[in-house]
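The values are calculated or read from the model by the stated rules, or taken from the named source; none is laboratory data. Keep in mind that what you see is a predicted model, and the values were worked out from it rather than measured. As a convention, Cβ positions derive from the backbone with ideal geometry for all residues, glycine included, and neighbour counts pool all protein chains shown.
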Amino acid sequence: MRPTLTGIEDALAEAGGVGAPRERAGQLRALLGRELEHGARELTLARSGYGHPVLVAVAPVAGGLIAVAPVTAALRADPDAVDERAWLLVAALVGALVDAGGTAGALTAGALDGHLALHLAAPDPESAELVPLAFEDQVAPVDRLRAGALVLPGAVLADAEDLRAPIGAAHPLLVALEVARLGGHPADPASVAEHEEAVLGALAAPGGEVSRPHDDPDPARRVARRILQRLDGMGKWGGYHTDFTHLARGFAGNDRALADEVGEALLAAGLLAEKPSVGQRHVFLDPRRARDIRALIERGDVPGGLQLPAAGS
């Protein structure tokens, strides 16, 4: 990792590393605060971390690992609270925590001075030492981002508060957790797509909230509900998006061609939004239409403005 803005890595080494005495926690916390503010600013730029890296931090605590990233803590409740690159930074951090922590337990999210804090239950908190190398691997696929991870004493991150489960059975944080548990890279769209079926299965386990509206008698409405259900189940709300051609995955025969038509109709109606990408069309669920999307998935209520193709058209 290149030198940080504040030189926190040098201050950490001088203080004794992860085993630094508690009286040095205040100094390290102040430096970390400046690094997080720097990272938050960098993530708004066209290229992030090219002068000094965007820093995430991790520490060993009782029962697992705790980490902080320079993005808003509102992400726990609102997946649309961050833009794409900020989300991919967080996804890479989740992947690194799982890689380092081994058999991963529950993931909770909270806040540290307004920044997103994550806690992963893990059998060996000392595995925090493995996070920087794992993070380097996990964040590598993210375009136009230079970032690194630093291991701090637990006392520096001890004030993280309101650690609770992300809201929603298919919150992107939980999708990232499942992808990482399967050995994938949550910040790499190709890896997420590779593990899609297994992740959907895990998130739709008995007692889960992810519905499966396969029995709708209307072909176009059934396809629309299944497309939206799949995108919702994979957390494709803003930060996570998918290639338009992937909408037809899982459909066979006439339904596959129908899925392309339905996808265009969902875009035209504004239930899906489009993110231009080089040589590809990427789409995601529009959070502003969340109520209509849920109603269509769960009850088959077709919102005004959605013109689904007629069967056999």
* In the set LEU130, LEU116, which member is outside any helix (DSSP H, G or I), in contact (Cβ under 8 Å) with a residue 12 or more places away in the chain and either outside the structural domain of VAL68 (by TED's automatic domain parsing) or aliphatic (A, V, I, L, M) (or both)? -> LEU116
* When the range 251-302 is examined, which residues are found to be of a type in the set (Val, Ile, Thr) and in contact (Cβ under 8 Å) with a residue 40 or more places away in the chain? -> VAL262, VAL283, ILE293, ILE297, VAL302
* To do: Among the residues of the range 266-291, write down those that are crowded, with 18+ Cβ neighbours inside 10 Å and more than 23 Å from the chain's Cα centre (by Cα).
  => LEU266, ALA269
* Among (1) at pLDDT 85 or above; (2) surrounded by fewer than 19 Cβ atoms within 10 Å (Cβ to Cβ), which single condition is ARG226 missing? -> (2)
* Asked: Which of the residues belonging to the range 4-22 are exposed (fewer than 12 other Cβ atoms within 10 Å of the Cβ) and on the phi < 0 side of the Ramachandran plot?
  -> ALA13, GLY19, PRO21, ARG22
* Pick from the range 92-117 the residues that are in contact with a Gly (Cβ under 8 Å, 6 or more places away or on another chain) and either of a type in the set (Gly, Ala, Ser) or within 15 Å of LEU150 (Cα to Cα) (or both): which of them is surrounded by the fewest Cβ atoms within 10 Å (Cβ to Cβ)? -> GLY105
* Is there a residue in the range 135-145 that is crowded, with 24+ Cβ neighbours inside 10 Å and among the small types (Gly, Ala, Ser)? -> no
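Just to be sure, is PHE251 buried (at least 16 other Cβ atoms within 10 Å of the Cβ), at pLDDT 90 or above and over 17 Å from the mean Cα position of the chain (by Cα)?
Values: buried (at least 16 other Cβ atoms within 10 Å of the Cβ): yes; at pLDDT 90 or above: no; over 17 Å from the mean Cα position of the chain (by Cα): yes.
No, not satisfied.
Does LEU231 count as under 20 Å from LEU177 (Cα atoms), in contact with a helix residue (DSSP H, G or I) (Cβ under 9 Å, 6 or more places away or on another chain) and modelled with pLDDT of 85 or more?
Numbers: under 20 Å from LEU177 (Cα atoms): yes; in contact with a helix residue (DSSP H, G or I) (Cβ under 9 Å, 6 or more places away or on another chain): yes; modelled with pLDDT of 85 or more: yes.
Yes.
Here is a list: ARG41, ARG76, ARG34. Which entry is surrounded by fewer than 21 Cβ atoms within 10 Å (Cβ to Cβ), within 30 Å of LEU285 (Cα to Cα) and basic (Lys, Arg)? Outline the logic, then answer.
On the way: ARG76 fails: surrounded by fewer than 21 Cβ atoms within 10 Å (Cβ to Cβ); ARG34 fails: within 30 Å of LEU285 (Cα to Cα).
Among ARG41, ARG76, ARG34, only ARG41 is surrounded by fewer than 21 Cβ atoms within 10 Å (Cβ to Cβ), within 30 Å of LEU285 (Cα to Cα) and basic (Lys, Arg).
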* For the range 231-250, enumerate the residues that are touching a residue at least 60 places away in the same chain (Cβ under 8 Å) and touching an Asp or Glu at 6+ places or on another chain (Cβ under 7 Å). => MET234, TRP237, GLY238, GLY239
